[in-house]
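**Student:** Encoded as structure tokens, here's the structure I'll be asking about.
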Amino acid sequence: MNPTPAKPIPAPRVKEALQRIKQNIARVIRGKDNVIDQVLITLVAGGHLLLEDLPGLGKTTLAYCLARSLDCQFTRIQFTSDLLPSDILGVSIYDEGLKEFVFKKGPLFANIVLADEINRTTPKTQSSLLEVMDRGKISIDGQSYLVGQPFMVFATQNPVDYEGTFPLPESQMDRFFMRLQMGYPAFADELAILQSAATRRSYDMLDLELVATRAEILEIQQHTPHVYVEESVLEYILKIVAATRTEAEFQAGISTRGSLALKLAAQAAALYDGRAFVIPSDVMQVIKPVCVHRLGLRSAAADSLEERRLVEGLLTQIIDRIPSPV
């Protein structure tokens, strides 16, 4: 490979800044280094995240720790069946003094937005997130309003509780850059959590340092698309994507949006590791978090956990069949 970036990128300095953030979050989220890595790769790529796991495993705390580490505005929206689009986007209210309608911003106007139990709200409210997740702005009454910069939707859902839920449609799932799972902590990590005085406090009472500014994150995000990707690595990405489109067990393969996301995730992973060029292991690191939620089975699975396990198995077989460039 010829690791020549499209333009100079201060990759070592970027790595140092991101490691500060990781270490700060790891003070609270113990034993989940791989999850934190993927969250920060999503942040570097400017993407949105879906955390699918059981309640009580630290999903909300993780989102809050990220926001506090970056001095970002954090909002939490509890999604319910009666939540309306105007409840999260905002609404125009007539002002008697001004004799005109004034737009009152909703909780989406923040930097890190926790969409808690996103599958408990109706498809109409779910779909109101599409524009802001794609373009970072909200259109109301013919006017467009920019949300915070940086901007990240941090959505959660319970993978085994289907009562009173509205599963996310494929178009919505495709807007999430990655889907991750927290998982139970290891014995030693959970023992340390139990021994910590922080267990007696709610997540918004945690004492965390500011270790990076919003301006630093925006600068890093601007560098990410310029990380160099050699043609052989691009072909490797495309071969994997193309193989998902011919796999008989899948309803449909990875879309072009998905292949672009995989490329950007590999670029973000390289930058996170302090490099201005992508290597095949960067692709391997991100392929499952980026691709699994974009694939569905033709035959119904018992639940989303079982479907995810089966999809991961099929994707692993595809990866094993395709030789990696050297």
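**Student:** Going through 213, 224, 244 one at a time, which residue ends up being of a type in the set (Ser, Thr, Tyr), under 18 Å from residue 42 (Cα atoms) and open to solvent by less than 10 Å² (accessible area, probe 1.4 Å)? Let's see the steps before the verdict.
**Tutor:** Working: 213 fails: open to solvent by less than 10 Å² (accessible area, probe 1.4 Å); 244 fails: under 18 Å from residue 42 (Cα atoms).
The unique qualifying residue is 224.
**Student:** List every residue pair whose Cβ atoms sit under 9 Å apart, with the two residues 6 or more apart in sequence or on different chains, where the first one lies in the stretch 126-145 and is more than 22 Å from residue 94 (Cα to Cα) and among the basic types (Lys, Arg) and the second, anywhere, is open to solvent by 30 Å² or more (accessible area, probe 1.4 Å) and not in a helix (DSSP H, G or I).
**Tutor:** 135/144; 137/144; 137/145; 137/146
**Student:** Let me ask something else about it. Looking at residue 8 and the list (1) of a type outside the set (Lys, Arg); (2) under 16 Å from the mean Cα position of the chain (by Cα); (3) surrounded by fewer than 22 Cβ atoms within 10 Å (Cβ to Cβ), which single condition is not satisfied?
**Tutor:** With respect to (1) of a type outside the set (Lys, Arg); (2) under 16 Å from the mean Cα position of the chain (by Cα); (3) surrounded by fewer than 22 Cβ atoms within 10 Å (Cβ to Cβ), residue 8 is out only on (2).
**Student:** Something else: Look at the stretch 8-40 and say how many of its residues are outside any helix (DSSP H, G or I) and either β-branched (Val, Ile, Thr) or under 26 Å from residue 226 (Cα atoms) (or both).
**Tutor:** In the first step, residues of the stretch 8-40 are kept if they are outside any helix (DSSP H, G or I); the result is 8-10, 27-32.
Still in the running and either β-branched (Val, Ile, Thr) or under 26 Å from residue 226 (Cα atoms) (or both): 8-10, 28-29.
Of the residues in the stretch 8-40, 5 are outside any helix (DSSP H, G or I) and either β-branched (Val, Ile, Thr) or under 26 Å from residue 226 (Cα atoms) (or both).
**Student:** Let me ask something else. With respect to residue 294, is the statement that it is within 17 Å of the chain's Cα centre (by Cα) and either closer than 19 Å to residue 51 by Cα or surrounded by fewer than 19 Cβ atoms within 10 Å (Cβ to Cβ) (or both) true? Before you say what the answer is, go through the steps one by one.
**Tutor:** On the way: within 17 Å of the chain's Cα centre (by Cα): yes; either closer than 19 Å to residue 51 by Cα or surrounded by fewer than 19 Cβ atoms within 10 Å (Cβ to Cβ) (or both): yes.
Spelling it out, residue 294 is indeed within 17 Å of the chain's Cα centre (by Cα) and either closer than 19 Å to residue 51 by Cα or surrounded by fewer than 19 Cβ atoms within 10 Å (Cβ to Cβ) (or both).
**Student:** Filtering the stretch 73-90 down to residues that are charged (D, E, K, R) and buried (at least 17 other Cβ atoms within 10 Å of the Cβ), which residue is nearest to the chain's Cα centre (by Cα)?
**Tutor:** Initial filter on the stretch 73-90 (charged (D, E, K, R)): 76, 82, 87.
This time we only want the ones that are buried (at least 17 other Cβ atoms within 10 Å of the Cβ), so: 76, 87.
On the way: 76: 15, 87: 23 Å.
For the stretch 73-90, the residue satisfying everything is 76.
**Student:** Follow-up. Return yes or no: is residue 278 under 23 Å from residue 169 (Cα atoms), surrounded by 19 or more Cβ atoms within 10 Å (Cβ to Cβ) and not aromatic (Phe, Trp, Tyr)?
**Tutor:** Judged against the criteria, residue 278 is not a match.
**Student:** I need the full set of residues from the stretch 36-71 which are more than 28 Å from residue 124 (Cα to Cα) and either in contact with a Leu (Cβ under 8 Å, 6 or more places away or on another chain) or open to solvent by less than 10 Å² (accessible area, probe 1.4 Å) (or both), in order please.
**Tutor:** 36, 38, 40, 41, 44, 65, 66, 68, 69, 70, 71
**Student:** Against the definition (among the aliphatic types (A, V, I, L, M), under 20 Å from the mean Cα position of the chain (by Cα) and under 23 Å from residue 270 (Cα atoms)), how does residue 70 come out, yes or no? Working first, answer last.
**Tutor:** Values: among the aliphatic types (A, V, I, L, M): yes; under 20 Å from the mean Cα position of the chain (by Cα): yes; under 23 Å from residue 270 (Cα atoms): yes.
So residue 70 passes the test.
**Student:** Could you check the stretch 303-322 and list, in sequence order, the residues that are in a helix (DSSP H, G or I) and open to solvent by 40 Å² or more (accessible area, probe 1.4 Å)? Before the answer, list the steps.
**Tutor:** The first filter runs over the stretch 303-322 and keeps only residues in a helix (DSSP H, G or I), leaving 304-321.
Matches in the stretch 303-322: 305, 306, 307, 309, 310, 312, 316, 317, 320, 321.
**Student:** I've got another one for you. May I ask you to list the residues in the stretch 120-137 that are closer than 21 Å to residue 158 by Cβ and open to solvent by less than 10 Å² (accessible area, probe 1.4 Å)?
**Tutor:** 121, 125, 126, 129
**Student:** When you scan the stretch 95-111, do you find a residue that is of a type in the set (Lys, Arg) and out of contact with any Phe, Trp or Tyr (no Cβ under 9 Å at 6 or more places or on another chain), even just one? Outline the logic, then answer.
**Tutor:** Going residue by residue through the stretch 95-111, those that are of a type in the set (Lys, Arg) are 99, 104-105.
The next check asks that each one be out of contact with any Phe, Trp or Tyr (no Cβ under 9 Å at 6 or more places or on another chain); those that pass are 99, 104.
Within the stretch 95-111 (the criterion being of a type in the set (Lys, Arg) and out of contact with any Phe, Trp or Tyr (no Cβ under 9 Å at 6 or more places or on another chain)), the answer is yes, since at least one residue qualifies.
**Student:** Looking at (1) closer than 15 Å to residue 111 by Cβ; (2) open to solvent by 10 Å² or more (accessible area, probe 1.4 Å), can you tell me which one residue 97 breaks?
**Tutor:** It fails just one condition, (1).
The values are calculated or read from the model by the stated rules, or taken from the named source; none is laboratory data. Just so we're clear, the structure is a prediction, and the values are computed from it rather than from any experiment. All Cβ positions, even for glycine, are placed from backbone atoms using ideal geometry, and neighbour counts span all protein chains on display. Each accessible area value is taken on the protein alone, full model and side chains, heavy atoms only, with ligands, DNA and RNA left out. Shrake-Rupley method; radii C 1.70, N 1.55, O 1.52, S 1.80 Å.
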